[in-house]
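Below is one structure, written out as C-alpha cells; the observations come after it.
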Amino acid sequence: MQLMEHLVDRLSIEEMELFWVQCWLIWNQRNCVLYGGQLKHPTSLNKRAEEFLEEFKHTQESLDGRLREQRIDDAWQPPPPMEYKLNFDAAIFSGQEKSGIGAIIRNDKGEVMAGMSAIGPKVDTSEEAELLACRRSIEFAVDAGFSRLVIEGDNSNVMQAISSNVANCSFLGNVVDDIRHLMSNLQWTTTSKIRREGNKVAHVLAQHARNLDYDLFWLEDSPPPAMEALYQDLILL
C-alpha cells in the first residue's frame, strides 16, 4: 500500500498506466512459466507493455468515437428554422386505471415552448396508448397556439398510420382519423420517427403522470421533472 501511495505521488497518469500493464504482464509471465512456458527477457516485456497500452488506447478512442456517433444519430434534433417540434410519448401503468401522456414543444434552438404531463385513460395496448397520446398532444399544441409543427414519436406503427393517406380500418381507426383531421388544420406539419433514446423528455413527462391527480402544463417554461433529459438533449446538439 505504501508503494502505491509512493508511486501515485511521483508518477504521471501515463506512467502509472504503463506500470499497471507491466505488473499484469509480469504476473502473466509467472503463470506461463509455472505451466511450462518459456521465460521471456524483461526487455521484451517492457516493449510489449508499451505496445499493449498503445493498442488499448487506440481501441478506446475508436470505440468512444463510434459510441458518440451512435448517440448523436439517436439524439433529438431541432426542427427547421422558424418551426416547432412536438414530441409525444405514452406510458402504461400496471395496476392503475390510467395511462400517462407526455408532450414537449421546442423551437429550432432547443428552447422549450410548452410541455404537458397528463393523465390518459386505461388502455390495453401500447399502440392505443401512443395514438391517444398523439391526439391529446396535438390538441394541446393547437390550444397553446402552435400551427407549424414537426410531430415526432417513437412508435413506428403510429407514425406510419398518421402520416399515411390510406384508410385505417382497425379498431383505432377513429383515433387515426381524428389525428389526421387535426394535422390537416395546421398551417404546416410533417411527421418524424425517432428512436426512444431521442424521445426521453416526452417519456419522462409521460411517466411523471403516474402519481398525478390532475394534468400539468408549462408554457415557455421547462418542466422540472424533465430538466435532466432536456439538458442531455442540449449537450448533443
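Since every read-out is calculated from the coordinates, none of them should be taken as a lab result. Just so it is clear, the structure is predicted and the values come from calculations on it, not from any experiment. Here the Cβ is made from the backbone with ideal geometry for all residues, glycine too, and neighbour counts use every protein chain on show.
Numbers for the structure displayed
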{"quantity": "Linear extension gain, GLU97 paired with THR125, 0.36 nm per residue minus alpha-carbon span", "calculated": "8.7 nm"}
{"quantity": "Local electrostatic count, TYR84, Cβ distance below 13 Å [Lys/Arg +1, Asp/Glu -1]", "calculated": "-1"}
{"quantity": "Local electrostatic count, ASN199, Cβ distance below 13 Å [Lys/Arg +1, Asp/Glu -1]", "calculated": "-1"}
{"quantity": "Ranking of PHE88, PHE140 by count of other Cβ atoms within 10 Å, fewest first", "calculated": "PHE140, PHE88"}
{"quantity": "Charge tally in the Cβ shell below 9 Å around VAL112, where Lys, Arg are +1 and Asp, Glu are -1, VAL112 excluded", "calculated": "-2"}
{"quantity": "Residues HIS181, HIS203, HIS208 arranged by fewest to most Cβ contacts within 10 Å", "calculated": "HIS181, HIS208, HIS203"}
{"quantity": "Total charge dipole magnitude, region 97-148, about the Cα centre, Cβ charges on Lys, Arg, Asp, Glu only, Debye to nearest 20", "calculated": "200 debye"}
{"quantity": "Among 147-154, 209-216, 120-127, the order from most to least packed when residues are scored by Cβ within 10 Å on average", "calculated": "147-154, 120-127, 209-216"}
{"quantity": "Label-point separation in nm, GLU51 to ASP213, each point 7 Å along Cα→Cβ", "calculated": "7.1 nm"}
